[in-house]
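The values are calculated or read from the model by the stated rules, or taken from the named source; none is laboratory data. Computed from a predicted structure; not experimentally measured. Here the Cβ is made from the backbone with ideal geometry for all residues, glycine too, and neighbour counts use every protein chain on show. To get the accessible areas, we keep the full protein, side chains included, count just its heavy atoms, and leave off ligands, DNA and RNA. Shrake-Rupley method; radii C 1.70, N 1.55, O 1.52, S 1.80 Å.
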Amino acid sequence: MRSFACYCCLCFLLFAAQLDAQAYRNFGANPILERLTVTLDQQVVNTDYHTVYWLEREYLAMPFEQSSTYAELELVLSQEVQEMALLPSRDFVVTDSLMMDGSSRVFRWQLRFEDLSRVEFLRLQFAYVDMNYQSKVLEIPVLPYTHTRAEFYPGNTDIYLGETQRYEITTDRLENLHLDGFWKDAEGYRYRLVREQNQAVLYLEPKRLGEVRIEVPMSVRRPYLTAEGRLQYEMPPLTGTFQVRQSRLQFLRLDGAEYVLDRNQRDIEIQLENHPRLQMEKTYRIEDTDEKNGTLIAELFTERRLGNDKILTRLRLYNTHNPSQGYLYIKDGDTPMFLTNANIIPRTQITKVEVLRSGNQWTTDTTVRPGETIDLRVEGTSLSRAKIAVEDTQLVVSDSLTRNDNSATLRVKIPMNVAKSSLGIFVGNQRSGRSLNVVEYQRPRELDFVTVNYGDGPRVVSAINEPVLYGGTIREVALEFDRNRIDGEDVVYGKQYLQIDVRMEDKNGRLLETKDLGTFVICPGTASPRFTYYAEQDCRVNPVLLNNYLAQKTHAIGEWGKVIVTISHDRDRYGTEGYTQTITLYNQRLTTFDIELSLPAGLITQKIGAEENISGLGGISIAMLAQFSFYRKGEIQRMSPWKIGAGFLAQNTFNFREDAVRDLGIVVIGSVYPIRMTGRLRFPLHAGGGYYLQQGKFFILMGPGIQINF
């Protein structure tokens, strides 16, 4: 099993290779694919035997019984690959990670499809790295299909002219039926198919007397396969034969099928079918029953007859009514005179608004940000046919399948250049009283927009991952901010709140000073699409110079002193850790100078120009030298094993033999010291030359020494 970090890295690299997958419009032509097998609902399909061509493209035909179901994928490749991953999709959730079948050619996944009946374009995309380390994508389009049955049993076949009959449709795949709710005309009747309370319903209205045979065409959203292996969207029609009889009461049609009940609205002017029994300038009651004392739905006042065989009337509404609840009766007092019907709905009103972002849950927090796409769910009354829109936004899609009178869902994109702080939600052309609050993004960005300059030119902070050794004097440490790197055209981060802490230590690690410089606000620059909308009164524009805040200046810390600068996002502002970068800057020196007293012992000396042989080993001498020591380049306070110095040598100071020659010389000596120091006593080697002041001769010398560390 690969680590999660490797998997994410692989997915990132392979997204860039998705264009390669477009070269194979028919996935069977892809040389890497040997077979893909899908097991679900106790059925097994594969790319060898279960493919279909649709819209000039090859698909894997996949039957399903349940819209949400579990499945297992087995991918067999024709050649081995370095890495393999199933790219994520909103249409399914991987429930088990990648399983390899003992090789780099066979891979398995377990996943759960979310809703196959609503998926428009289902694709399985496999990202892989081949043996040549090329990143590629194998894409296999999948066409889910299922068999759907729909029947209706009319029972009583006697219907009445001018009356609308309601019939329930029995089906095993309600979500797969195409029910648009529109009235359609046919020979001798008209009909419409609607979904009501998780039930498919046929509304039928005859247009002539006598026997009428109906054939209502049915279609599905997800196709099915015919016996010949062809995709089919059309279902067998709903059929039946009815006897249309004259209604007991004359049916009078209103010129509108739907009216909105608004207590503040005046009478609605409508046209009613003409009938000689109707009297002008008379008020008629409209009730929901032909019995006395029915519920008053509306009042109808007749004004005058028109030339188009209609009557101009005024309708005053009192209650709501749904045609599925039965007919409405036009009464003169308590006496029924005519039948009619209408859909009287309450005024469209939004009572609740919820927002959904990808990967999160629905929330009543209506705060949105520029450039993001959200799902918006509104709840209220009479929403099924209402045109709902958000001010100054782009409607991406409206989910008509889940829309009803009490709920509606739509997906909107907030423009990147939105200028308003509040976006109103409209119903038609009217404000609903609900709105979305627009706030700027405030999320931490990687610290690649911060540079540090300590005398060697600016360096990007996020690229400094090791201690910095600077050989010059650290006169100043300047932190600068490239504001144009914070926001991009498509990705916005907003203001950056940075905390800066400084710590200074000498070469032995002793604390010289520590300072919290506070929080600095860095606003995106002119390259940001949101630049004009950021309030800049608290934004930092000039560089941050550390010496303006420190009592101990950076140029006075001494050799191998260090300045530790920590830059981090303010957690209180973001609610997360954000990014943190620590820069350790050393005042590097390649040499050091000191006065040293050593005890050379057993020196071998030879006077220049003297005829005698090299003298024997001398006794213990005393040397006081001004010595230069050297540090190893690229290492922190690591000394080289050699030193060079000049000074005075008192030869044979502690040699008490009678023939010992004592003299004081001026010398230049190079010394080699042990690299490892295991105790207080060390034995360096010395070599050099000098001039005896008493004897007046030059000499050279070589020999060991004794050094005692206290």
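Restricting attention to the range 192-246, which residues are of a type in the set (Ser, Thr, Tyr) and closer than 16 Å to ARG166 by Cα?
TYR203, THR239, THR241
Those residues that are in contact (Cβ under 8 Å) with a residue 24 or more places away in the chain, open to solvent by 30 Å² or more (accessible area, probe 1.4 Å) and in contact with a Lys or Arg (Cβ under 6 Å, 6 or more places away or on another chain), I need them from the range 388-438; list them, please.
Passing the criteria: only GLY428.
Considering only the range 344-386, state which residues are within 18 Å of GLU440 (Cα to Cα) and hydroxyl-bearing (Ser, Thr, Tyr).
Across the range 344-386, the qualifying residues are THR366, THR367, THR373.
Run down GLU151, GLU163, GLU120 and say which single residue is among the charged types (D, E, K, R), in contact (Cβ under 8 Å) with a residue 12 or more places away in the chain, more than 30 Å from GLU80 (Cα to Cα) and not in a strand (DSSP E or B).
The unique qualifying residue is GLU163.
Is it true that some residue in the range 471-487 is of a type in the set (Asp, Glu), farther than 16 Å from ARG443 by Cα, in contact (Cβ under 8 Å) with a residue 12 or more places away in the chain and touching a Phe, Trp or Tyr at 6+ places or on another chain (Cβ under 7 Å)?
yes
Name every residue in the range 460-508 that is within 22 Å of the chain's Cα centre (by Cα) and of a type in the set (Gly, Ala, Ser), in order of residue number.
GLY488, GLY494
Identify, please: which residue in the range 283-307 is free of Cβ contacts under 8 Å to residues at least 24 places away in the same chain and assigned to a loop (DSSP other than H, G, I, E, B) and is, among those, nearest to the chain's Cα centre (by Cα)?
Restricting to residues being free of Cβ contacts under 8 Å to residues at least 24 places away in the same chain and assigned to a loop (DSSP other than H, G, I, E, B), the top hit is GLU291.
Report, by residue number, each residue of the range 374-407 that is modelled with pLDDT of 80 or more, hydroxyl-bearing (Ser, Thr, Tyr) and assigned to a strand (DSSP E or B).
If the condition is that a residue be modelled with pLDDT of 80 or more, hydroxyl-bearing (Ser, Thr, Tyr) and assigned to a strand (DSSP E or B), then THR381, SER407 are the ones that fit.
Just give me the residues in the range 98-117 being open to solvent by less than 60 Å² (accessible area, probe 1.4 Å), among the polar types (S, T, N, Q) and touching a residue at least 40 places away in the same chain (Cβ under 8 Å), in sequence order.
SER117 - this is the single residue of the range 98-117 that is open to solvent by less than 60 Å² (accessible area, probe 1.4 Å), among the polar types (S, T, N, Q) and touching a residue at least 40 places away in the same chain (Cβ under 8 Å).
Filter the range 544-602 down to residues that are acidic (Asp, Glu) and within 30 Å of THR653 (Cα to Cα), then give me how many there are.
Selection size over the range 544-602: 2.
Just wondering, is there one or more residues in the range 680-687 that are closer than 21 Å to ASP594 by Cα, under 60 Å from the mean Cα position of the chain (by Cα), modelled with pLDDT of 80 or more and not small (Gly, Ala, Ser)?
no
Among the residues of the range 203-256 satisfying the criterion of being among the polar types (S, T, N, Q) and open to solvent by 40 Å² or more (accessible area, probe 1.4 Å), which is farthest from the chain's Cα centre (by Cα)?
GLN246
Out of the residues in the range 123-147 that are open to solvent by 20 Å² or more (accessible area, probe 1.4 Å), in a loop (DSSP other than H, G, I, E, B) and in contact (Cβ under 8 Å) with a residue 24 or more places away in the chain, which is nearest to LEU111 (Cα to Cα)?
That would be HIS147.
Under 21 Å from ARG221 (Cβ atoms), open to solvent by less than 10 Å² (accessible area, probe 1.4 Å) and modelled with pLDDT under 90: does that describe SER67?
Judged against the criteria, SER67 is not a match.
Regarding TYR441, is this residue in contact with an Asp or Glu (Cβ under 9 Å, 6 or more places away or on another chain), under 30 Å from VAL355 (Cα atoms) and open to solvent by 30 Å² or more (accessible area, probe 1.4 Å)?
It is true that TYR441 is in contact with an Asp or Glu (Cβ under 9 Å, 6 or more places away or on another chain), under 30 Å from VAL355 (Cα atoms) and open to solvent by 30 Å² or more (accessible area, probe 1.4 Å).
Step by step: first the residues of the range 27-83, then only those that are part of a strand (DSSP E or B), acidic (Asp, Glu) and out of contact with any Cys (no Cβ under 9 Å at 6 or more places or on another chain), then the one that is nearest to ARG108 (Cα to Cα). Which residue is that?
GLU74
Right, THR170: modelled with pLDDT of 90 or more and closer than 30 Å to PHE113 by Cα or not?
The answer is yes for THR170.
Which one is modelled with the highest pLDDT, of the residues in the range 569-580 that are open to solvent by less than 40 Å² (accessible area, probe 1.4 Å) and touching an Asp or Glu at 6+ places or on another chain (Cβ under 8 Å)?
HIS569
Could you count how many residues in the range 327-351 are aromatic (Phe, Trp, Tyr) and either under 15 Å from GLU299 (Cβ atoms) or in a strand (DSSP E or B) (or both)?
Total meeting the criteria: 2.
Using the structure shown, decide if GLY602 is at pLDDT 90 or above and part of a loop (DSSP other than H, G, I, E, B).
No.
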